[in-house]
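The values are calculated or read from the model by the stated rules, or taken from the named source; none is laboratory data. Because the structure is a prediction, the values reported are computed rather than measured. Please note: Cβ atoms are built from the backbone with ideal geometry, for glycine as well, and neighbour counts cover all protein chains shown.
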Amino acid sequence: MAELSQRQKFILTLIIHDYVETAQPVGSNHLLERYRLDISSATVRNTMAELTENGYLRQPHTSAGRVPTEEGFRYFVRQLMGQTDLPANTKRTITHQFSQLGYDVEHWMRLAASVLAHQSQGAALVTSPRPEQARFKHLELIATHGRQVLMVLVMAGGEVRQQMLALAEPVPQGRLSATATRLNQLCQGLDVSGLANLNSQDSLEQDLIKLVGDEITRTSEALAGEVYRDGLTNVLAEPEFAEAQMARRALRILEERSLLEDLLTRTVMTDEVGGVQVLIGGEGTWEELRDCSMVLARYGQPGRATGAVGVLGPIRMPYGRTISTVRFVSGLLSDLVSERLSE
């Protein structure tokens, strides 16, 4: 990025604030009148021309004002915006909302997506916390009908897997409960390799250990858990996505699991917990994000269970508000996950 003068930084900041608010090209006379600038119209025009020449602004039409380019937004976010924070009363409200939910992970995820969408006016995504190496926490076995048994497996981190089993012969609930109690003692905290080393003389226990191992393997192979979304209509209402094809391309990144996993794997899931990443215009890597920006963060407890939160919107995004919301919500979720894991 070319280094800008103080005047160029000032004019670029004003243009970005105005364009984010109105979605309309910004002219020199408009800047002078709205912000009561104590400089001449010629100076403002020359500064805008310099910013255009350096690639930070563009002119959609010959007689139109200027709009920020992707590079202009990147310079603003990385060099000019500085640290942002949510108002204290907004933080208190969000914290109170989470405090009402107890320890229900699914409710945390849904509320997090709702808060992100509302505060940013973008499309929010939240992935449930997933153990970086799936581990056993608790097992329940419930007799249902005849040989049918419901196996409820809880992973470290809170994820729950359910599977209906068909046993070779009916087993009374008393024996199922006793078997579950023994396995809870034997398997506590074990990953797939630990389970593979367990030996049991009881055929029912042997079968269950193998089934539990298979479930934990499947869990470990999936990067992202359940994906919670909210606010898709916010994005569709933006003028940038009035054209159906552009809207479909923008939302494809949230709807297609393989694309989302690729994005998270190569960006935020390699980052430290608490850090925020901003992707503007796909950064030359993701064609689906060509007309969009995403703000992403990883939350949870490193080495044990982590997930991701993010907001998708047009490149003309209120970055300060969005980044501060993503940072605050990811921090809240990290605290909640740590408390859950310490139980």
ALA112, sole failed condition from (1) without any contact (Cβ under 8 Å) to a residue 24 or more places away in the chain; (2) at negative phi; (3) assigned by TED's automatic domain parsing to the domain that holds THR322
(1)
Any residue that is modelled with pLDDT of 90 or more, in a helix (DSSP H, G or I) and among the charged types (D, E, K, R) - is there at least one of those in region 54-64?
no
Picked from region 225-234 (must be surrounded by 16 or more Cβ atoms within 10 Å (Cβ to Cβ) and either modelled with pLDDT under 85 or more than 16 Å from the chain's Cα centre (by Cα) (or both)), the residue farthest from GLN119 (Cα to Cα) is GLY225
Hey, among ALA237, ALA222, ALA244, which residue is over 22 Å from GLU106 (Cα atoms), modelled with pLDDT under 85 and not basic (Lys, Arg)?
ALA244
So which of THR179, THR144 is in a strand (DSSP E or B), in contact with a strand residue (DSSP E or B) (Cβ under 8 Å, 6 or more places away or on another chain) and among the hydroxyl-bearing types (Ser, Thr, Tyr)?
THR144
Residue list for region 2-56, filter: farther than 25 Å from GLU238 by Cα, under 36 Å from the mean Cα position of the chain (by Cα) and exposed (fewer than 12 other Cβ atoms within 10 Å of the Cβ)
GLU3, SER5, GLN6, GLU53
Checking SER324, SER338 in turn, the sole residue that is at pLDDT below 95, more than 13 Å from the chain's Cα centre (by Cα), assigned to a helix (DSSP H, G or I) and not assigned by TED's automatic domain parsing to the domain that holds LEU12 turns out to be SER338
Could you check GLU106 against (1) within 30 Å of GLU339 (Cβ to Cβ); (2) at pLDDT below 90; (3) not in a helix (DSSP H, G or I) and say which number it fails?
(3)
Out of LEU190, LEU186, LEU167, LEU195, I need the residue that is more than 22 Å from ARG304 (Cβ to Cβ), in contact (Cβ under 8 Å) with a residue 12 or more places away in the chain and surrounded by 13 or more Cβ atoms within 10 Å (Cβ to Cβ). Which one?
LEU167
Reported set for region 55-64 where residues are in contact (Cβ under 8 Å) with a residue 12 or more places away in the chain and touching a helix residue (DSSP H, G or I) at 6+ places or on another chain (Cβ under 8 Å) is GLY55, TYR56, LEU57, GLN59
Counting only residues that are within 24 Å of ASP262 (Cβ to Cβ) and out of contact with any strand residue (DSSP E or B) (no Cβ under 9 Å at 6 or more places or on another chain), which one in region 302-338 is surrounded by the most Cβ atoms within 10 Å (Cβ to Cβ)?
PRO302
Against the conditions (1) surrounded by 19 or more Cβ atoms within 10 Å (Cβ to Cβ); (2) in a loop (DSSP other than H, G, I, E, B), where does TYR299 fall short? Just the number, please.
(2)
If GLU215 passes every condition in (1) of a type outside the set (Ser, Thr, Tyr); (2) outside any helix (DSSP H, G or I); (3) within 30 Å of LEU296 (Cα to Cα); (4) not assigned by TED's automatic domain parsing to the domain that holds SER338 but one, which one does it miss?
(2)
Does LEU12 qualify as being touching a residue at least 60 places away in the same chain (Cβ under 8 Å) and part of a loop (DSSP other than H, G, I, E, B)?
no
Do the conditions hold for LEU111, that is, is it out of contact with any Asp or Glu (no Cβ under 8 Å at 6 or more places or on another chain) and surrounded by 22 or more Cβ atoms within 10 Å (Cβ to Cβ)?
yes
ARG78 vs (1) over 30 Å from ALA308 (Cβ atoms); (2) among the basic types (Lys, Arg); (3) exposed (fewer than 14 other Cβ atoms within 10 Å of the Cβ): all pass except (1)
Would you point out which residue out of GLU33, GLU50 is of a type in the set (Asp, Glu), farther than 15 Å from ILE315 by Cβ and without any contact (Cβ under 8 Å) to a residue 12 or more places away in the chain?
GLU33
For region 240-280, what are the residues that are in a helix (DSSP H, G or I) and surrounded by 19 or more Cβ atoms within 10 Å (Cβ to Cβ)?
PHE241, ALA250, LEU251, ILE253, LEU254, LEU260, LEU263, LEU264, VAL268, MET269
